[in-house]
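> Structure provided below as structure tokens; questions to follow.
Read-outs throughout are calculated quantities, based only on the coordinates presented, and are distinct from any laboratory measurement. Quick caveat: nothing in here was measured; it's all calculated off a predicted structure. Here Cβ is always computed from backbone atoms with ideal geometry, including for glycine, and neighbour counts include all displayed protein chains.
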Amino acid sequence: METIKSTRCHLGKHAEFSIHFDRTRVLEPDVKWLVHYLESEVVKGSVFSAGQTIQIGWMVLKVTKENDEHLTLQEPDFCEMPIRFNPSVNNTLGHLRMQKDAFESLSLPAALKFPSILQSVIVCSKHDDSGGFIMSRVNAEQNDSGWFVGCADANHNHNDPQNLKRVSLYELACSREMIIPFISFPEEVSVFFNSRSLKIQFKGQAIEPRKHSYLQQWLNKHQISHEETNEQS
């Protein structure tokens, strides 16, 4: 694990930050961006203290005291429930980069909209029974992310409340990491995925990933085409 330290927080009479990361998992420029963001917030008057939480992208991190002069950030490990925190920003910046690159792979006439891992998502009772899934998003309200995630079984009734439950986005992502690249897409986006194909729609219109984009490379890596799938809402 490597460390980059802030150098400007003392200008606001504030403790500096020590940010820990794994160079094999995140890009150093992304870590420097995070350090610069923290410095800028402090210079503008923000105060970070141990025990506080901060949201970066969709991630919720803990501010903790590292020593008498430095604070650090701890992030969820995405391994289990309840949330367990580690002193790193690998998941935070890795997910942020992934979500930005996936969004920029498409020509969507809307902006990224980051939920929080603590917000809820409605899932169907069979969502984790197979490799396929569907995702659709409506307007977020308070603790509701606006997302629905269901199975790809066209015969499973997703309009029956008995087939649905509400969980946190974090809990869902722990068991189904394939949703992470798409989770910050805006409202009115739908994603249809199975082991063979992926289809993305915005307001009911199919959108193809741009050639040589991150999402196109992601599809190639997983040997997935962007042919039409069986749809269900």
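> Residue farthest toward the positive end of the dipole of the chain, with Cβ of Lys/Arg at +1 and Asp/Glu at -1: which of His127, Ile180, Leu27?
Farthest towards the positive pole: Leu27.
> Run lengths n ≥ 4 of DSSP H only: what is the helix-derived mean residue ellipticity at 222 nm for the chain, with -39500 (n - 2.57) per run over all residues, to the nearest 500?
Rounded to the nearest 500, it is -6000 deg cm²/dmol.
> Report the charge-dipole magnitude of the range 2-96 in Debye, nearest 20, computed about the Cα centre from +1 at each Lys and Arg Cβ and -1 at each Asp and Glu Cβ.
200 debye
> Enumerate the amide H contacts of Asp144 below 5 Å, restricted to partners 5 or more residues apart or on another chain; note that Pro and chain-start residues carry no placed amide H.
Those lying under 5 Å, H to H, from Asp144 are Ser120.
> What is the order of His70, His95, His36, His127, fewest Cβ neighbours within 10 Å to most?
If I rank by nearby Cβ atoms, fewest first, I get His36, His70, His95, His127.
> Right, next: Between the range 143-164 and the range 1-45, how many Å separate their Cα centres?
40 Å
> Something else now. Suppose we keep just the DSSP beta bridges with both residues in the range 105-221; what percent of those would be antiparallel, to 5?
90 percent
> Given the options Asn86, Asn155, Asn194, which has the most mean-square fluctuation in a GNM of the chain, springs set between C-alpha atoms less than 10 angstrom apart?
Looking only at Asn86, Asn155, Asn194, the biggest GNM fluctuation is shown by Asn155.
> Exposure proxy check: Tyr37, Tyr170 ranked by fewest other beta carbons within 10 Å?
Tyr37, Tyr170
> The range 1-99: which GluC sites (Glu not before Pro) are DSSP loop and have at most 12 other beta-carbon atoms within 10 angstrom?
Glu69, Glu80
> Only counting other Cβ atoms within 10 Å, I'd like Lys203, Lys13 sorted with the fewest neighbours first.
Least crowded to most crowded, the residues run Lys13, Lys203.
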